[in-house]
Amino acid sequence: MKKVLLIQPPLEDFYTTPIRLYPLGLLYVASVMEKLGILVEILDCLSPLHKKILPLPEKFAYLRSYLGQPGFFRYYQRFGLPLEKILEKVEAAEPDLIGLNSSFAAYFSTVEELVEALTEKCHIPIVIGGNQATCCQEELRLKLPGVEVFPGQAEFGLPGLLQESFGWKSFLEAPAEELEWKKLWPAHHLLRPEAYRIGKKNYISLQASRGSPHRCSFCNISLVFGSRVDYRPVSSVLKEMRWNYLNHEVRLFNFEDDNLSYDRNWFEDFLKAVASDEVLQGCELTFMNGLNYENLDENLLALMKQAGVRKLDLSWVSGDPALRERHHRPQKKDEAAFFSLLKAARKKGFFVTVYLILGLPGQTKEEIIETTEKLLESGVLVGPSVFYLTPGSQLHLNLNLPAEIRNDWDLYRSTAFAVETAELTRRDLIELFLYIRKRNLERKG
């Protein structure tokens with residue numbers, strides 16, 4: 001039997017959000033491999049979350065004077081296991097193949113560092129997959145010669161890759177049924193449940209839908225999962241939740257879907273099923289990537305409350321309808337309907353966060369401040385999301401950018417404040433970011 005070690009690498013940044021670190025993509029890969037009769041082990045270098053303060057990279061020197069200010073970051077840090085510890089664990093696992101997750105361009109430097117160390121010490125074949133491998137496959141092949149780059153979703157191409165590129169055909173078992181993501185559970189059983197906690201609750205991330213019909217200029221999700229939203233059966237999602245509730249004592253279920261509420265009927269059926277399920281009573285649901293607010297109404301809000309939703313994350317992008325239209329952000333409902341929804345959500349006791357992007361081409365300082373104040377008056381928290389480049393998106397392809405920005409993946413992150421526009425300088429972006437955080441605190445106080 002062949003053995004594969006799947007690794008979630010460390011990362012370096014000013015901060016990280018633990019609930020976004022659950023290795024869901026690797027667990028889907030593991031599930032496919034187990035169906036093929038492969039022994040799989042997960043090495044999550046981000047759990048438990050070791051932290052080490054690093055010297056500020058020179059490319060981020062323009063942020064030095066802001067570090068430590070109220071509302072800003074304090075340090076540049078490495079999150080995850082030290083390189084030597086990773087190599088020890090890889091050596092102890094004795095795998096026949098290593099799979100690395102590379103999902104975010106800004107964190108490629110730690111992936112590259114790990115690949116170089118593994119190539120030098122372990123001499124084991126390496127495959128890289130994930131969002132970045134799909135959107136930047138040719139660039140990755142140039143940067144990492146000798147490493148197999150696997151784009152796309154594991155269910156569709158992984159069996160062929162193992163057979164053709166690694167000659168494993170004679171070692172693979174034929175799966176009992178066609179591999180399809182809607183019929184697969186992520187391999188949650190490979191993780192230690194106590195290593196994934198938010199507060200006092202064990203949590204998992206899961207996915208009930210894939211795909212995005214929208215063509216937002218700043219997003220690349222349709223390149224990864226396609227432009228049609230496809231849903232798993234509600235019964236399958238609940239079965240996965242129940243297993244984790246009973247076997248891993250999970251009480252918080254975080255959905256990573258980008259369009260979970262796009263199909264209102266499916267979402268309504270799902271909420272009713274969770275609310276009425278005898279096993280899942282007392283669990284909490286979160287939707288960290290936000291929900292499609294245009295399909296939400298008071299009836300759905302009531303169902304969400306019954307199903308264990310306490311926090312509502314909504315991405316409004318901008319308060320300027322012309323700007324939203326310019327960047328292909330769907331807007332079937334007008335501003336009045338949106339603020340009516342916020343009022344209804346607050347009345348029902350939801351903690352609501354509305355996310356704004358700061359720095360979209362065409363966006364002005366005045367609009368951001370005006371929108372922020374309107375949202376604060378409605379009693380919600382405002383989440384400032386500084387615009388950053390996502391490979392393959394319309395803006396990434398079409399923006400006229402300095403070479404030092406376009407060619408440096410380290411700058412493809414919100415915390416870099418890297419992309420300046422005709423309307424907003426880097427200093428403007430930082431000051432707006434600090435302004436929104438300060439106003440949140442003032443309103444909360």
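The values are calculated or read from the model by the stated rules, or taken from the named source; none is laboratory data. Predicted, not measured: the structure shown is a model, and the values here were computed from it. Heads up, the Cβs are rebuilt from the backbone with ideal geometry, glycines too, and the neighbour counts pull from every protein chain shown. The protein model used for the area step is the full one, side chains on, heavy atoms only, and it has no ligands, DNA or RNA in it. Shrake-Rupley method; radii C 1.70, N 1.55, O 1.52, S 1.80 Å.
Side notes on the structure shown:
- Label-point separation in nm, LYS3 to ILE53, each point 7 Å along Cα→Cβ: 4.0
- Residue-normalised accessible area of the chain, given per residue in Å² at a 1.4 Å probe: 45
- The convex hull around the C-alpha trace of the stretch 142-202, projected and averaged over every direction, spans 7.2 square nanometres.
- Alpha-carbon centroids, the stretch 1-65 and the stretch 239-278: separation in whole Å: 25
- Cross-link check: pairs LYS305/LYS332; LYS143/LYS169; LYS311/LYS347; LYS2/LYS239; LYS89/LYS121; LYS52/LYS85 evaluated at a Cα-Cα cut-off of 22 Å; pairs beyond the cut-off: LYS305/LYS332; LYS143/LYS169; LYS2/LYS239.
- Length-normalised contact order of the chain in % [C-alpha pairs under 8 Å, at least 6 apart]: 14
- When only Cα pairs below 8 angstrom with a gap of at least 6 residues are kept, the stretch 211-305 shows a relative contact order of 28 percent.
- Gain on full stretching of the segment that runs from ALA302 to LEU434 - 0.36 nm per residue minus C-alpha separation: 44.1 nm
- Cα lying deepest toward the dipole's positive end in the stretch 146-273, options TYR245, LEU190, PHE150, charges on Cβ: TYR245
- Under the criterion of Cα pairs below 8 Å and six or more residues apart, the relative contact order for the stretch 74-197 equals 18 percent.
- FRET efficiency estimate (nearest 0.05) - Cβ-Cβ, TRP243 to SER385, R0 30 angstrom: 0.35
- Shape call, the stretch 216-299: gyration tensor on alpha carbons, a/c limit 1.5: prolate
- Label separation (PHE72 vs THR364): 2.7 nm, computed from points 7 Å beyond Cα along the C-beta direction.
- Amide H contacts for VAL309 (H built 1.01 Å from N in the peptide plane; partners 5 or more residues away or on another chain; cut-off under 5 Å): LEU285.
- Residue-span extension gain [GLU442 to SER165] - 0.36 nm each, minus C-alpha spacing: 93.9 nm
- For the chain, a crude dipole built from +1 on the beta carbon of Lys and Arg and -1 on the beta carbon of Asp and Glu, taken about the Cα centre, is about 1340 debye to the nearest 20.
- Considering only LEU389, LEU429, LEU142, the mean-square fluctuation computed in a Gaussian network model of the chain, springs between alpha carbons under 10 angstrom, is largest for LEU142.
- Using the Cβ-Cβ distance between GLU113 and ILE19 with R0 set to 30 Å, the FRET efficiency works out to roughly 0.75.
- Cα gyration tensor category, rounded, prolate or oblate, for the stretch 328-445 with a/c compared to 1.5: prolate
- Förster-model FRET efficiency, 25 Å R0, ARG427 and ARG346, C-beta, rounded to 0.05: 0.15
- Separation of the ALA195 and LYS374 label points, Cα + 7 Å toward Cβ, nm: 4.6
- For the stretch 93-239: rounded, prolate or oblate by the Cα gyration tensor [a/c cutoff 1.5]: rounded
- Euclidean distance between Cα centres, the stretch 412-445 to the stretch 68-95, Å: 27
- Amide N of the stretch 241-267 lying under 15 Å from the label point, which is placed 7 angstrom from the Cα of LYS332 along Cα→Cβ: 259-267
- Most mobile listed residue (ALA187, ALA344, ALA403) in the chain, GNM with C-alpha springs under 10 Å: ALA403
- Inter-part distance where the stretch 322-386 and the stretch 134-192 are each reduced to a Cα centre, Å: 39
- Per-residue extension of 0.36 nm, minus the Cα-Cα distance of ARG264 and TYR62, leaves a gain of 68.2 nm for this segment.
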